[in-house]
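Working notes, beginning with the structure itself.
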Amino acid sequence: MFTVKRLIVCLVYAVFIIWLVRFWNSYGSEKISTVKLRQFGNFESVTLKRETGAGVRLLCFLLTDPLILHKAVYARDTWMKRCDIALFMSSAEDRQFPTVGLNVSAGRQFLSDKTKAALQYVHEHYLDEADFFMKADPDSYVAVEILKEYLKNCNTSEPEIYGHNMYSGTPTAYTGGHFVAGAAVVLTKEALVRLVTRGMSDPRCLRDSFADDLLVCACLIEVGGYIVDTRDQFGRDTFLPPLNVDDIVYGKYNEVAPWYIDYRAPYGSCSSVDCLSDHPIAFHYVSERDFSLLDYLFRIRLRLIQQLSIDLTHLRFNGTRYAKNV
């Protein structure tokens, strides 16, 4: 049932989008020269292309299991259709869905094993077919077109990883320090190559654990990679916190996830939408119903970008990089 609380959230989103369009339009220098509409399911996607700069090729892979495969349907049928390549990694093959069957056991306790096998599979079969490689969860929603605009200002030849920035304490070999986690993490091509060809040769890299994002980052740092600060120029998060969307909108960070404060120490605490970027990329813990809501809102947003020829070339991450022993 559509509750008053959810109605308020919808209105907040609508006001946010209207304000965002006006904000973007104020930059208006270079115009978007070509906009292509393509149909997918019951929604439309706007693919932005410009004369300046080559397009970004993005491979997205989502980790799932046979028992939770039904949860991946919503990502499959909405935002993942806008990825250049979309893969679903499971402990068993399902040709109808379809999923790639990896030689790993099912269960959250084997998540790092699955991540490792998925990265190896992507490296072996798709390395030359994409520039950036994104891992996401079944309950994640990603604004693919907006992500690509940010990535146009990133160098795929640099060993970098992007996501929601966190900190786990004093860095040691293959654990601790700065890392990214949450709804989605994105690797450059060079980062993927280093992880698979150099990092994974050490048994300490991605050892058995459910903290796969932290271990991917620790492993990448050991082979000369970088954790990138993905906040915007105002210090606001582009990859939203690993919290429910409603809790983010209503500022319940400290109430529902007190553990989160410690993990954000170097970046400062946050308790309202003022800490979130005007150009959000990824949402976590999205409910089945909210997938359709978010997809609808971003569809409106992208149509306005098209109609108003809004310039997105200014979208850049903060760019501060954290390396080994930082």
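The values are calculated or read from the model by the stated rules, or taken from the named source; none is laboratory data. Bear in mind that the values here come from a model prediction, so they are computed numbers and not experimental data. All Cβ positions, even for glycine, are placed from backbone atoms using ideal geometry, and neighbour counts span all protein chains on display. Note: areas computed on protein heavy atoms with side chains; ligands, DNA, RNA excluded. Shrake-Rupley method; radii C 1.70, N 1.55, O 1.52, S 1.80 Å.
The single condition from (1) touching a residue at least 60 places away in the same chain (Cβ under 8 Å); (2) farther than 17 Å from F133 by Cβ that K116 fails is (2).
L151 passes every criterion in (1) open to solvent by 10 Å² or more (accessible area, probe 1.4 Å); (2) closer than 28 Å to F291 by Cα; (3) of a type in the set (A, V, I, L, M, F, W, C) apart from (1). Among the residues of segment 158-179, those identified as modelled with pLDDT under 90 and of a type in the set (S, T, N, Q) are S168, T170, T172, T175.
Just one of the listed residues (F291, F317) is part of a loop (DSSP other than H, G, I, E, B), hydrophobic (A, V, I, L, M, F, W, C) and within 17 Å of the chain's Cα centre (by Cα), and it is F317.
Return yes when V100 is surrounded by 17 or more Cβ atoms within 10 Å (Cβ to Cβ), at pLDDT below 95 and outside any helix (DSSP H, G or I) and no when it is not. Criteria not met by V100. In this entry, A118 is excluded by the filter for residues that are over 29 Å from Y226 (Cα atoms), under 20 Å from the mean Cα position of the chain (by Cα) and surrounded by 20 or more Cβ atoms within 10 Å (Cβ to Cβ). From the list F133, F88, the one residue that fits, being crowded, with 20+ Cβ neighbours inside 10 Å, more than 30 Å from R264 (Cα to Cα) and within 19 Å of the chain's Cα centre (by Cα), is F88.
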